[in-house]
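Would you mind keeping the following structure in view while I ask a few things?
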Amino acid sequence: MPLGVGSGCSWTRHKRYAINIHLSDKISLHRHIVDRRMYECRSKVFDYRKLPTTSVIISFYNEAWSTLLRTIHSVLETTPAVLLKEIILVDDFSDRAYLRSQLEEYISNLDRVRLIRTNKREGLVRGRLIGATYSTGDVLTFLDCHCECVPGWIEPLLERIGENKTAIVCPVIDTIDWNTFEFYMQTGEPMIGGFDWRLTFQWHSVPEQERRRWKSKIDPIRSPTMAGGLFAVSKEYFQYLGTYDMGMDVWGGENLELSFRVWQCGGSLEIHPCSHVGHVFPKKAPYARPNFLQNTVRAAEVWMDDYKQHFYNRNPPASKEKYGDISERKLIRERLKCQSFEWYLKNVYPDLHVPEDRLGWHGAVRSSGIHSECLDYNAPDHNPTGAHLSLFGCHGQGGNQYFEYTSKKEIRFNSVTEICAEVADRQKYIAMRYCPRDGTPVPESIIWEFRNDGTIYHPHSNTCITSHHTSEGRTGVEMRLCNPGDRNQIWKFELPTTLSQHSWTEV
Ligand code: UD2
Ligand code: MN
């Protein structure tokens, strides 16, 4: 049982950690995860004398006792002693009592576990970097403080870095359920990292051209981006690359920054299918993350060249963020003679659709009939195409009200991936479906015409987008026969208030 964990009723504790803390506390700190990796991974034998050594660095802030301790034991119990120099815990100025002397006493009985404390809240970037300064291993392995490693997780990472020093290598991240604490091992082909143009990290399946590169099922998989928490990197190479952007606070953005940087500056980012580590994804963020946008803007400003505009278009508040001094980071980019973002998109992430964002043809779409309202798309979680287009008060914040009319006559919405507005046969509502891949034909059902009179015409169904009041007193949109002069069929693209506004009748 946990020692002296805070008081308060059980439900408060549950909410405090955003995980099922009662169950976590009951599960052994030494629980063993069954190795269900592919046979090729399980049967591989390593010569430890030939592998580099590692220091495992775990920065934590107010983590629950049992998840933190299970992480530590898991690393100790799954990592061959000859490969593990030490585990460096960095307490990022937590305020929970049990993380003081109780934690110190507990780890004083553990071999090779060190505890460093910051003097103020540093955030995960500086927390990890402070930890790294105490490391003695050849390779830095970063983990979150609520992980459990599958036996055999470290060897593939170290072997790969041993043969290619400029590779940053991530394990496959398995899910530990926040409520049941079941460990779900991803036994199929791993997913790789990407992003959308709001600069949100996204998982994607492996593209065909990557699969064709592989010589065997256990080759490392190249990934455009990383999730952020779990990866191994040569200590020397990490230094050379400029470690992390120390101007990033608390949480967020550092994963895309490091991903862009390693690729653009001549290294690579990979996921090793034989390395598996579980991670507890909490029900919701357990602490405030106020710096996310600012951090992301720093990454965009340093690495994305003019492509950053697509991000600002979709996230107008980002363009108003004060992001501080980035001159040192730009200097690193110069010094290492890094490639452009265009190079990155073309060579590392060719599957990403790059928006056109033609002047006057993107932004919010405002109804003339119901003037306060804009087209809005609000998809349910985990189902990007699971809703219909609707109307909602114009908010000028991009997001759910940001659309792009392309030269291929699609109305695109960028969320987890690119989706396109569609009217299916004999339907009145506007659905969303995945857009055709670049270079493939566009089906009739997703072709639209923005006509000079301000109507948005759908030739395939011969109807126009129409705003209306529903019988329940709400507002909505549906496809109706075009009716010249009907203000409810007149629409206008507008950009966020900071940018100039256009309607397409003017272009
Ligand atoms: C993901 C990453 C996380 C990080 C983040 C973006 C995985 C599995 N997780 O979010 O590592 O890249 O995206 O920034 O890929 N922490 C501190 N100080 C702070 C805040 C956090 O030390 O001020 C610690 C925290 O206790 C944890 C780690 O940093 O050990 C990552 O934080 P998280 O678990 O809340 O992030 P997560 O998994 O939601
Ligand atoms: Mn985490």
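The values are calculated or read from the model by the stated rules, or taken from the named source; none is laboratory data. Model, not experiment: these values are computed from the prediction. Neighbour counts run over all protein chains shown; Cβ positions are idealised from the backbone, glycine included.
Kindly state which helices (runs of 4 or more DSSP H) lie completely within segment 64-141 and contain at least 1 residues that are in contact with a His (Cβ under 8 Å, 6 or more places away or on another chain), in contact (Cβ under 8 Å) with a residue 40 or more places away in the chain and within 16 Å of ligand 2 (Cβ to nearest atom).
Per the criteria, 65-78.
Scanning segment 267-290 for residues that are part of a loop (DSSP other than H, G, I, E, B) and more than 16 Å from ligand 2 (Cβ to nearest atom), which turns out nearest to the chain's Cα centre (by Cα)?
Top of the filtered list is PRO290.
Please go through segment 426-473 and give me each residue that is basic (Lys, Arg) and more than 37 Å from the chain's Cα centre (by Cα), ordered by number.
Of everything in segment 426-473, those that are basic (Lys, Arg) and more than 37 Å from the chain's Cα centre (by Cα) turn out to be ARG426, ARG451.
Something else about it: Considering each residue of segment 265-279, count those that are over 16 Å from GLY194 (Cβ atoms), more than 11 Å from ligand 1 (Cβ to nearest atom) and either of a type in the set (D, E, K, R) or surrounded by fewer than 24 Cβ atoms within 10 Å (Cβ to Cβ) (or both), and give that number.
Summing the residues that are over 16 Å from GLY194 (Cβ atoms), more than 11 Å from ligand 1 (Cβ to nearest atom) and either of a type in the set (D, E, K, R) or surrounded by fewer than 24 Cβ atoms within 10 Å (Cβ to Cβ) (or both) in segment 265-279 gives 3.
Still on this structure, I have one more. Would you point out which residue out of GLU236, GLU189, GLU254 is under 26 Å from ARG335 (Cα atoms), touching a residue at least 12 places away in the same chain (Cβ under 8 Å) and surrounded by fewer than 16 Cβ atoms within 10 Å (Cβ to Cβ)?
Matching residue, one of GLU236, GLU189, GLU254: GLU236.
Given the options CYS149, CYS145, name the one that is touching a Phe, Trp or Tyr at 6+ places or on another chain (Cβ under 8 Å), within 16 Å of ligand 2 (Cβ to nearest atom) and not charged (D, E, K, R).
Residue meeting the stated conditions: CYS145.
Does segment 226-247 hold any residues that are touching a Gly at 6+ places or on another chain (Cβ under 9 Å) and within 16 Å of ligand 2 (Cβ to nearest atom), and which are they?
Within segment 226-247, MET226, ALA227, GLY228 qualify.
Would you check if there is a residue in segment 123-144 being away from ligand 1 (no atom under 16 Å from the Cβ), under 24 Å from HIS30 (Cβ atoms), at pLDDT 95 or above and of a type in the set (Val, Ile, Thr)?
For segment 123-144, residues away from ligand 1 (no atom under 16 Å from the Cβ), under 24 Å from HIS30 (Cβ atoms), at pLDDT 95 or above and of a type in the set (Val, Ile, Thr): absent.
Now, a different point. What about PHE60, is it within 15 Å of ligand 1 (Cβ to nearest atom), touching a strand residue (DSSP E or B) at 6+ places or on another chain (Cβ under 9 Å), modelled with pLDDT of 95 or more and at positive phi?
no
So for segment 150-163 (the condition being within 16 Å of ligand 1 (Cβ to nearest atom) and outside any helix (DSSP H, G or I)), does at least one residue qualify?
Yes, there is a match, as at least one residue in segment 150-163 is within 16 Å of ligand 1 (Cβ to nearest atom) and outside any helix (DSSP H, G or I).
Here's another thing I want to ask about it. Considering every residue within segment 179-189, establish whether at least one is out of contact with any Ser or Thr (no Cβ under 7 Å at 6 or more places or on another chain), at pLDDT 95 or above and among the aromatic types (Phe, Trp, Tyr).
yes
Still on this model: Among what's in segment 454-507 and is within 21 Å of ASN400 (Cα to Cα), modelled with pLDDT of 90 or more and among the aromatic types (Phe, Trp, Tyr), pick the residue that is surrounded by the most Cβ atoms within 10 Å (Cβ to Cβ).
Out of the qualifying residues, it is TRP491.
Report every pair of residues separated by at least 6 positions or lying on different chains whose Cβ atoms are under 9 Å apart, first residue within segment 14-39 and within 17 Å of GLU182 (Cβ to Cβ), second polar (S, T, N, Q) and outside any helix (DSSP H, G or I).
ILE19/ASN179; ASN20/ASN179; ASN20/THR180; LEU23/ASN179; LEU23/THR180; ARG36/THR187
If you don't mind, there's one more thing I want to ask. Mind counting the residues in segment 138-184 that are closer than 24 Å to THR67 by Cβ and not β-branched (Val, Ile, Thr)?
23
Let me ask you something else. Which one of VAL302, VAL354, VAL297 is closer than 30 Å to VAL206 by Cα, outside any helix (DSSP H, G or I) and either at pLDDT below 95 or β-branched (Val, Ile, Thr) (or both)?
Answer to the selection: VAL354.
A follow-up question, please. Looking at (1) farther than 21 Å from ASP138 by Cβ; (2) within 16 Å of ligand 2 (Cβ to nearest atom); (3) of a type outside the set (A, V, I, L, M), which is the only condition GLN264 fails?
In the conditions (1) farther than 21 Å from ASP138 by Cβ; (2) within 16 Å of ligand 2 (Cβ to nearest atom); (3) of a type outside the set (A, V, I, L, M), GLN264 misses (2) alone.
For PRO207, indicate whether it is touching a strand residue (DSSP E or B) at 6+ places or on another chain (Cβ under 7 Å), of a type outside the set (Val, Ile, Thr) and more than 16 Å from ligand 1 (Cβ to nearest atom).
So PRO207 fails the test.
Same structure again: Can you tell me which residues in segment 247-294 are at pLDDT below 95, over 16 Å from ASP144 (Cβ atoms) and small (Gly, Ala, Ser)?
ALA288
For GLU356, which of the numbered conditions (1) in contact with a Leu (Cβ under 9 Å, 6 or more places away or on another chain); (2) more than 30 Å from GLU163 (Cα to Cα) fails to hold?
The one condition GLU356 does not meet is (1).
Conditions tested, residue by residue: (1) surrounded by fewer than 16 Cβ atoms within 10 Å (Cβ to Cβ); (2) under 22 Å from HIS458 (Cβ atoms).
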{"residue": "TYR349", "(1), (2)": "no, no"}
{"residue": "GLY363", "(1), (2)": "no, yes"}
{"residue": "ASN378", "(1), (2)": "yes, yes"}
{"residue": "HIS395", "(1), (2)": "yes, no"}
{"residue": "GLU404", "(1), (2)": "no, yes"}
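Does ASP95 satisfy the condition of being surrounded by fewer than 19 Cβ atoms within 10 Å (Cβ to Cβ) and either of a type in the set (A, V, I, L, M, F, W, C) or under 17 Å from ARG121 (Cβ atoms) (or both)?
Yes; evaluated as a whole, the condition is true for this residue.
In segment 207-227, how many are within 29 Å of PHE311 (Cα to Cα) and either surrounded by fewer than 18 Cβ atoms within 10 Å (Cβ to Cβ) or not β-branched (Val, Ile, Thr) (or both)?
9
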